[in-house]
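In what follows, a single structure is set out as structure tokens and then discussed.
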Amino acid sequence: MVFDELERQIWHCERPYRPQLLEQILKDNTHLPQTTINEYIEDVWYDYEMPIQEKSRWQRLLKKYKPQHNIVEPITVYRGSNNIGPAWTTDIAVARWFAHRNVGFEESYYYGTPGFDKCKAAGLFNCNIWQAIVKPTGILFAQPEGTEKEIVIKHWSKTAFVEAPVVIERIITNLRESRVPRITEEEQR
């Protein structure tokens with residue numbers, strides 16, 4: 001099968017099913033060069049909103065196909081979330097954007113449910129900005145020149161870090177007042 005046809009299959013598949021299709025394509029096409037495998041894995045990962053929903057599939061894919069990157073020195077990374085996951089960024093403005101967005105997701109999901117006010121008062125709808133230094137050997141793949149400047153570390157592995165992640169900021173929001181801030185062109189540079 002021609003690469004263009006494989007790519008067409010991936011992008012015509014609905015987003016929630018792309019990791020499953022990708023796994024099948026890679027299994028059925030053992031002749032693919034590593035650069036094409038890297039490209040497919042990275043493209044589907046970057047397009048997929050919530051990799052945690054397919055955690056075991058992503059772990060299998062990344063362990064078996066081992067995408068490559070060009071980072072040779074430890075780098076400082078940031079994450080806007082309440083947990084330490086695989087997706088980080090080299091740009092703190094991007095991490096702040098994700099923190100605001102994640103707070104909005106959680107708060108709007110629970111709004112109007114019993115205990116919502118208690119959860120809000122306890123700070124459960126706040127979000128952290130994490131900072132860490134990651135080893136090159138702890139990086140699965142990277143797209144530091146992309147919009148999100150994303151660095152994907154070895155899945156949920158604390159050994160990927162030179163220095164353990166620490167919380168450097170806390171985003172506190174109110175559903176009625178919050179807006180996800182836009183990243184300005186100046187912040188993207």
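The values are calculated or read from the model by the stated rules, or taken from the named source; none is laboratory data. Just so it is clear, the model here is predicted, and its values are computed rather than measured. Every residue, glycine as well, gets a Cβ built from its backbone with ideal geometry; the counts of neighbours run over all protein chains shown.
Points to keep in mind about this one:
- Yes/no for TYR40 being among the aromatic types (Phe, Trp, Tyr) and touching a residue at least 40 places away in the same chain (Cβ under 8 Å): no
- Top-ranked residue of the stretch 132-161 - restricted to ones that are on the phi < 0 side of the Ramachandran plot and among the basic types (Lys, Arg), ranked as surrounded by the most Cβ atoms within 10 Å (Cβ to Cβ): LYS154
- Counted residues, the stretch 59-70 - those being crowded, with 18+ Cβ neighbours inside 10 Å and closer than 20 Å to ALA132 by Cβ: 1
- Failed item, numbered, when TRP45 is tested on (1) surrounded by fewer than 18 Cβ atoms within 10 Å (Cβ to Cβ); (2) in contact with a strand residue (DSSP E or B) (Cβ under 8 Å, 6 or more places away or on another chain): (1)
- Some residue of the stretch 88-95 being within 30 Å of LEU22 (Cβ to Cβ), more than 16 Å from the chain's Cα centre (by Cα), modelled with pLDDT of 80 or more and in a strand (DSSP E or B): no
- The residues of the stretch 97-153 that are among the acidic types (Asp, Glu), at pLDDT below 85 and part of a loop (DSSP other than H, G, I, E, B) amount to a single one, GLU145.
- Meets criteria (touching an Asp or Glu at 6+ places or on another chain (Cβ under 9 Å) and not acidic (Asp, Glu)) for ARG8: no
- Within the stretch 19-61, the set of residues being outside any loop (DSSP other than H, G, I, E, B), aliphatic (A, V, I, L, M) and modelled with pLDDT under 85 comprises ILE52 only.
- Each residue in the stretch 10-37 was checked for being surrounded by 15 or more Cβ atoms within 10 Å (Cβ to Cβ) and either farther than 24 Å from PHE98 by Cβ or in contact with a strand residue (DSSP E or B) (Cβ under 7 Å, 6 or more places away or on another chain) (or both), and 9 of them qualify.
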